[in-house]
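Reviewing the structure listed below.
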Amino acid sequence: MSNKRHRLLLVGLAAGFALALVLFLVLQRDRPFNLAAIQDESQPVPIVGRDHIAPGVPPSRYNSNPPTSGDHYPAPLRAAFYEQQVPDAYLVHNLEHGHIWLSWRDEADREAIELFRQLHEQFPEWVVVSHRPENDKRLASAAWGRLLKLDAPDRDALIAFIMRYRDKAPESVPG
């Protein structure tokens, strides 16, 4: 086989492989999400109340980190992506409305921030995101009475958590 034919064959094989890889990735991205295939690693947290307190008043002690129920300020926040830290007492009210609160511990954790931004865009009416340096794990996902803590980003586990626990609270108020 001549050098020219050999190079053409290699180029053709490389192009075919690249096309197959792109097709595989597109099909993987568009595959239906199989919620049943994702094990629920979250933990139930006992509900400690849902009383309103005046803004600025410290809430009584929460029973989880981050909190999943308890005293909270009377006005929840808009379901949005907040780059800064937000007082827990606002976000507990969001949980009472059925929202999912995603938070990351390390301020410069670009991987977590980008993943959470994507998840907020995927579930804009139900996901509120904030930085929370008090987290005892790298990432946390909180719902009313439910908590998932992660040492590493796990997109499928987070999507499954959102799908299982959004709108599962005393009040349903999307957005």
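The values are calculated or read from the model by the stated rules, or taken from the named source; none is laboratory data. What you see is a predicted model; the values in this text were computed from it and never measured. Heads up, the Cβs are rebuilt from the backbone with ideal geometry, glycines too, and the neighbour counts pull from every protein chain shown.
Within segment 66-77, being at pLDDT 95 or above and out of contact with any strand residue (DSSP E or B) (no Cβ under 8 Å at 6 or more places or on another chain) holds for Ser69, Gly70.
The strands (runs of 3 or more DSSP E) falling completely within segment 74-175 include none with 3 or more residues that are outside the structural domain of Pro58 (by TED's automatic domain parsing), surrounded by fewer than 16 Cβ atoms within 10 Å (Cβ to Cβ) and aromatic (Phe, Trp, Tyr).
Taking segment 18-43 as the range and being out of contact with any Phe, Trp or Tyr (no Cβ under 7 Å at 6 or more places or on another chain), at pLDDT 60 or above and surrounded by 10 or more Cβ atoms within 10 Å (Cβ to Cβ) as the test, the residues that pass are Phe33, Leu35, Ile38, Asp40, Glu41, Gln43. Contact map, segment 163-175: first residue touching a residue at least 60 places away in the same chain (Cβ under 8 Å), second residue outside any loop (DSSP other than H, G, I, E, B), Cβ cut-off under 6 Å, separation 6 or more or different chains; pairs are Met163/Leu35; Tyr165/Ala143; Tyr165/Arg146; Arg166/Ile100; Ala169/Glu96; Pro170/Glu96; Glu171/Glu96.
Here's the yes/no breakdown for (1) farther than 26 Å from His52 by Cα; (2) over 14 Å from the mean Cα position of the chain (by Cα); (3) of a type in the set (Val, Ile, Thr):
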residue: Ala80; (1), (2), (3): no, no, no
residue: His97; (1), (2), (3): no, yes, no
residue: Glu121; (1), (2), (3): yes, no, no
residue: Ser130; (1), (2), (3): no, no, no
residue: Pro133; (1), (2), (3): no, yes, no
residue: Leu139; (1), (2), (3): yes, no, no
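Kindly indicate which of Ser64, Ser103 is touching a residue at least 40 places away in the same chain (Cβ under 8 Å), under 21 Å from Trp144 (Cβ atoms) and of a type in the set (Gly, Ala, Ser).
Ser64
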